[in-house]
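Take a look at the structure below.
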């Protein structure tokens, strides 16, 4: 059942906005690929779409440690290349790129620099499992997921919050594969894409910053599961699904109101609204494509653009 009135979701057909140029495609093996795409030489795996104030779109290429910049004119350039596995990106108000790096932890990249610097590489001398995604709240506190290879067999993934004071807090633990992370438009609820359980979890954020009564807002199906997410001004939640060829749009009750269908590939890994508009971009990692679609409402305001 998709929703309480039993009507099917409205299908929104995405279009290909741009694709990774051939000059950036070099199919080869990598340690990340051996673990996550066994036996498949891959040319790229795009993730982490995020817009800066000039309208440039940044994406990551996880297995090859690349941060790529796409200009408003759709010109691709290499912003950084380093020894890491960058996944999610969130842009800070100061213009720097904060990166959830699976291998190296939480990093910061100045747009004029060639390589990122470490913000946080461990917690209490214990290494992270493998960071995946991140987001800022309106005050600039950073929420990030520590996913690693967790799943239903090993439900030890976590969501952390790094406060602007530098204090690191465990927000939610015991998660079987925390992936995307988002806050609702009012900053009063935390959403977690739990990939291996094929669910989106929701937890109310209390006044002291703790989370209470975390529950499953929505359950999906498929060989993979929910990945990156984005929120609009009406508190709809866009959930990229990494094996079903698109992204689901949920209303605050968890009902599926729309499905954004990919025209190419089935591995839709993340989503971001073009700031101030209702245009949504998505990364489709199977084909190295950036998709675009028109949604019902603009995206929620971002800390980077406030």
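Rule-based calculations on the coordinates, nothing more; no lab input. None of these values were measured; they are calculated from a predicted model. Every residue, glycine as well, gets a Cβ built from its backbone with ideal geometry; the counts of neighbours run over all protein chains shown.
Run through every distinct alpha carbon pair of the range 56-127 and return the Kirkwood hydrodynamic radius in angstroms, one decimal place.
Its Kirkwood hydrodynamic radius stands at 12.4 Å.
If packing is taken as the mean number of other Cβ atoms within 10 Å per residue, what is the order of 100-110, 76-86, highest first?
100-110, 76-86
Along the Cα-to-C-beta direction of residue 71, a point sits 7 Å from the Cα; which residues of the range 84-125 have their amide N less than 20 Å from that point?
111-114
Calculated FRET efficiency, residue 257 and residue 92, Cβ-Cβ r, R0 41 Å, to nearest 0.05?
With R0 = 41 Å, the Cβ-Cβ based efficiency is 0.80.
If you take the beta carbon distance between residue 27 and residue 3 as r and set R0 to 35 Å, what does 1/(1 + (r/R0)^6) give as a FRET efficiency, to the nearest 0.05?
Efficiency, from the Cβ-Cβ distance: 0.25.
How much length, in nm to one decimal, is gained on full extension between residue 122 and residue 207, taken as 0.36 nm per residue of separation minus their Cα-Cα distance? Mind showing how you got there, number by number?
Details: separation 85, 0.36 × 85 = 30.60 nm, distance 2.71 nm.
Gain in length upon complete extension: 27.9 nm.
Quickly work out the residue 292-to-residue 82 label distance, labels modelled 7 Å from Cα along the C-beta direction, and quote it in nm with one decimal.
Rounded to a tenth, the inter-label distance reads 3.0 nm.
Taking springs between alpha-carbon atoms closer than 10 angstrom, which of 71, 262, 177 fluctuates most in the Gaussian network model of the chain?
Among 71, 262, 177, the largest mean-square fluctuation in the Gaussian network model of the chain belongs to 71.
Given only helices, namely DSSP H runs of n ≥ 4 each adding -39500 (n - 2.57), what is the per-residue ellipticity at 222 nm of the chain, to the nearest 500 deg cm²/dmol?
So the helix-based figure for the chain works out to -500 deg cm²/dmol.
Count the DSSP beta bridges whose two residues both fall in the chain, then state the antiparallel fraction as a percent rounded to the nearest 5.
Taking every DSSP beta bridge within the chain, about 95 percent pair in antiparallel fashion.
Going by C-beta contacts inside 10 Å, put 200, 16 in order with the fewest on the left.
Numbers: 200 25, 16 15.
Least crowded to most crowded, the residues run 16, 200.
Provide the packing ranking of 268-277, 119-128, i.e. peptides ordered by the mean count of other C-beta atoms within 10 Å per residue, highest first.
Details: 268-277: 22.6, 119-128: 12.6.
Ranked by mean Cβ neighbours within 10 Å, highest first: 268-277, 119-128.
Show me the three semi-axes of the equivalent ellipsoid for the chain, from the C-alpha gyration tensor (sqrt of 5 times each eigenvalue), largest first, rounded to whole Å.
Its equivalent ellipsoid spans semi-axes of 25, 23, 20 Å.
Can you order the peptides 201-211, 238-248 by their average number of other Cβ atoms within 10 Å per residue, highest first?
For the peptides 201-211, 238-248, the packing ranking is 238-248, 201-211.
Pull out a ≥ b ≥ c, the square roots of the eigenvalues of the alpha-carbon gyration tensor of the range 1-147, then state rounded if a/c is under 1.5, prolate if not and a/b is larger than b/c, and oblate in the remaining case.
Rounded.
With the contact rule set at Cα under 8 Å and sequence spacing of 6 or more, what percent relative contact order holds for the chain?
16
Calculated FRET efficiency, residue 17 and residue 233, Cβ-Cβ r, R0 22 Å, to nearest 0.05?
0.50
Using Cα centres only, tell me the gap between the range 243-264 and the range 19-63 in whole Å.
Between the Cα centre of the range 243-264 and that of the range 19-63, the gap is 23 Å.
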